[in-house]
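Heads up, the thing below is written out as structure tokens.
Quick note: the coordinates plus some simple rules give every number you see, no bench work behind them. Computed from a prediction, not measured in an experiment: that's the story for all the values here. Here the Cβ is made from the backbone with ideal geometry for all residues, glycine too, and neighbour counts use every protein chain on show.
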Amino acid sequence: MNLDDQMERCDVEYCKRRDFLPFKCTLCNRKFCLEHKELKEHECPFQFAERKALKCNQCNQVINYLSTQFEIDALKQHVCQKINIEKSKCPQCKITLNDLNKFYCTSCKRLVCLKHRMKDEHECDKYGKFNYCKLM
């Protein structure tokens, strides 16, 4: 293993110094050596940008963005956690499933509650009430 492969170069055009542990700027996401790690040293384009925050109306999460961005763009990039989490329900009794009461049936590939975990209890697509395969 070559040591040059593990080293990264400073992103300042005139420097390009190799470093094992470069510093990453939190604003521009570029990597720099010890000499250019400060904002003014590497002339960060975001050094005068203010950090702002707004609250999402749907999931009540705080969204951080820079003053160089528009508020609408920050909201578009944000993905609400409430929208992504679909509440699954048991197909038989319509009870809301969570980590404690859900069961994954490997035959019909559905989530059911613990009460309906048996194949004849939740009308499994692959097996009938007499526990034989419908495909045969």
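Would you mind calculating the gained length between T26 and L111 on full extension (0.36 nm times residue separation, minus the Cα-Cα distance), in nm to one decimal?
Working it through step by step, the gained length comes to 26.4 nm.
Could you grab the Rg to Rh ratio for the range 6-105? Cα atoms only, Kirkwood for Rh.
1.26
Taking the simple approach of a point 7 Å from Cα along Cα-to-Cβ for both K89 and R9, what is their distance in nm?
Result: 6.0 nm between the two label points.
Just to check I understand the Karplus step: with θ = phi - 60° and J = 6.51 cos²θ - 1.76 cosθ + 1.60, what whole-Hz values come out for the range 38-52, glycine and proline as x?
6, 4, 6, 6, 9, 6, 4, x, 9, 5, 9, 6, 8, 8, 10
Which length gain, in nm to one decimal place, applies between I72 and L100 when the Cα-Cα distance is subtracted from 0.36 nm times their residue separation?
Working: separation 28, 0.36 × 28 = 10.08 nm, distance 3.86 nm.
Contour length minus the Cα-Cα distance gives 6.2 nm.
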